[in-house]
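In what follows, a structure is listed as C-alpha cells, so that the remarks can point back to it.
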Amino acid sequence: MQAEKTKGHIYEFEMAASDGKTVKLSKYKGHPLLIVNTASLCGFTPQYKDLQALYEKYKDKGLRIAAFPANEFGAQEPGSDAEIKSFCLTKYALTFDLYAKIVVKGAGIHPLYKYLTTESGFNGDIPWNFSKYLADKEGKLVARFGPDANPVGKEIAGKIEALLAP
C-alpha cells in the first residue's frame, strides 16, 4: 500500500508490520530512521546484533530502525513473517521495528523500495541484504550504505549522531 506521493519523503508510505497491522511511516516524524532490508540466512545476518546495539545506544535520543525482510538475494529469507519474527526475537532479542516480508528488487518491488531505489536521490538497485538508508527527522533520505557497512561503525554512527544533534 502507498499513499499518494506528494512531498518526496518516506512518510507517505504505509507498510504491513510483522503482525499484519498497517503502519504509516509518518509515525517516525521527528526521528532519524535507519531503513534496512534483512534476511535470516545471510552472511550479513549477524548485523542484527549490531543494529540492536545501535538502537539501544541511540533510541533514547530519538533513533528508530525499521527492518524489512526480503527474499530476493539467494532466497535467504524463506520463512513466514511469524518465523522471521520468532527468529529475530529468539536469536537477537530485537526491540526495533520489524515489518512483514516485502520485495525490494525486481518484479513486484514494494512501492517504498521503488521510491528508495529510483526517486530518493540515492538511486540504484539494492545490491544485497542489509543495505541501509538513513532518513532525517523530516523523512528525507540523507545517506545510503551498502550491506557491508557496519551499523555501529563510524560511517553510520557518525551520520546518526549528526542527525541527533540539537
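The values are calculated or read from the model by the stated rules, or taken from the named source; none is laboratory data. Keep in mind it's a predicted model, so treat the numbers as computed, not measured. Counting neighbours? That spans all protein chains shown, and the Cβs are built from the backbone with ideal geometry, glycine included. When the accessible area is computed, the model is the full protein with side chains, heavy atoms only, and any ligands, DNA or RNA have been set aside. Shrake-Rupley method; radii C 1.70, N 1.55, O 1.52, S 1.80 Å.
Things to note:
- Test for Lys105: is it touching a Leu at 6+ places or on another chain (Cβ under 7 Å) and charged (D, E, K, R): no
- Count of region 19-39 residues which are open to solvent by 20 Å² or more (accessible area, probe 1.4 Å) and either within 23 Å of Phe87 (Cα to Cα) or not in a loop (DSSP other than H, G, I, E, B) (or both): 8
- Listed by first and then second residue, the pairs linking a residue in region 24-37 that is without any contact (Cβ under 8 Å) to a residue 24 or more places away in the chain to a residue that is open to solvent by 40 Å² or more (accessible area, probe 1.4 Å), with Cβ atoms under 7 Å apart and 6 or more places separating them unless they lie on different chains, are Lys24/Glu14.
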